[in-house]
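Below you'll find the structure, written out as structure tokens, and then a few comments.
The values are calculated or read from the model by the stated rules, or taken from the named source; none is laboratory data. In this text, all values refer to a predicted model and were calculated from it rather than measured experimentally. Note that we place each Cβ from the backbone using ideal geometry, even for glycine, and neighbour counts take in every protein chain shown. Note: accessible area is taken over every heavy atom of the protein model, side chains too, but ligands, DNA and RNA are not part of it. Shrake-Rupley method; radii C 1.70, N 1.55, O 1.52, S 1.80 Å.
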Amino acid sequence: MHNQRQSNSRQQSQQSEQHTVLVCDDDEAIVNALEVYLKQEGYRVLKAGTGRQALAILQQEPVQLIIMDIMMPEMDGLSATLKIRETQNIPLIMLSAKSEDTDKITGLHFGADDYVTKPFNALELMARVKSQLRRYTRLGSLPATSQMLVNGRLELDTSACELKVDGVPVRLTATEYKIVAYLMKHPGQVFSTGAIYEQVWEETSHAVENTVAVHIRRIREKIEINPKEPEYLKVVWGIGYKMEKRTRRNRGTTQ
């Protein structure tokens, strides 16, 4: 009886910590297959067949990760992702039958955190789901000790996981936050795209230049006055990227 109560207690604890994954694809067979794999990993699964259905579910249910197909009726995955990114930064993995780099870059630029091409390996996709959730949930479990990193107009509060530019909070995805935090902790130091990828994605890097470059571009659009002539996120050609050291100054002045 005592063991049964302990077992019930553990089950309730696990259920309370259970992550919810929203799978959005107009191919019902794919949705059902992903549901099986995700449930085997202990995730709660919500299903949608269009972008509009996904948006409606997000208004009603707490979701920790989204798997989103691109080509769907009513509202495609790219349009839905743009809409989601207006208010939410939860991890989003994009699915597509297209394998061209331009399609992958487009998906990442629209706000996806990762991209998987159909047909995909289910075990690889589950590994990516775990990686994204681990990175996302870790932001909420960082030590409470406040550490303010200041670099020119940028202020990063690592306890609140918040970036401000000229005192105004900037909405970052979990992936974007980790890139900014990593570079701001090492101002002036140059990191290769592989080093950034392995630090942020926590996976071995392989042909990841475009993936990192797209996230850098999105960050620049949020923090730079002129993203085409960045003041902070600098590229060091043939090597990688760095966070340029800047001095604090009054707003509206130039250095």
Failed condition for ARG153, given (1) modelled with pLDDT of 90 or more; (2) of a type in the set (Lys, Arg); (3) out of contact with any strand residue (DSSP E or B) (no Cβ under 7 Å at 6 or more places or on another chain): (3)
Whichever residue in the stretch 208-236 is at pLDDT below 90 and surrounded by fewer than 16 Cβ atoms within 10 Å (Cβ to Cβ) and, among such residues, is nearest to THR106 (Cα to Cα): ASN210
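For every residue, the table says whether it meets (1) touching a Leu at 6+ places or on another chain (Cβ under 8 Å); (2) part of a loop (DSSP other than H, G, I, E, B).
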position: LEU55; (1), (2): no, no
position: GLN59; (1), (2): no, no
position: MET75; (1), (2): yes, yes
position: THR81; (1), (2): yes, no
position: ASN89; (1), (2): yes, yes
position: THR102; (1), (2): no, no
position: ILE105; (1), (2): no, no
Unmet criterion (only one of (1) modelled with pLDDT of 85 or more; (2) touching a helix residue (DSSP H, G or I) at 6+ places or on another chain (Cβ under 6 Å); (3) within 24 Å of VAL23 (Cβ to Cβ); (4) open to solvent by 10 Å² or more (accessible area, probe 1.4 Å)) for GLU176: (4)
Residue count, the stretch 107-121 (criterion: in a loop (DSSP other than H, G, I, E, B) and more than 13 Å from the chain's Cα centre (by Cα)): 4
Of the criteria (1) in contact with an Asp or Glu (Cβ under 8 Å, 6 or more places away or on another chain); (2) among the charged types (D, E, K, R); (3) in contact (Cβ under 8 Å) with a residue 40 or more places away in the chain, which one GLU224 fails: (3)
Complete set of residues in the stretch 185-207 that are open to solvent by 50 Å² or more (accessible area, probe 1.4 Å) and without any contact (Cβ under 8 Å) to a residue 40 or more places away in the chain: LYS185, GLU198, GLN199, THR204, HIS206, ALA207
Residue in the stretch 143-173 that is surrounded by the most Cβ atoms within 10 Å (Cβ to Cβ), counting only those that are of a type in the set (S, T, N, Q) and within 20 Å of the chain's Cα centre (by Cα): THR173
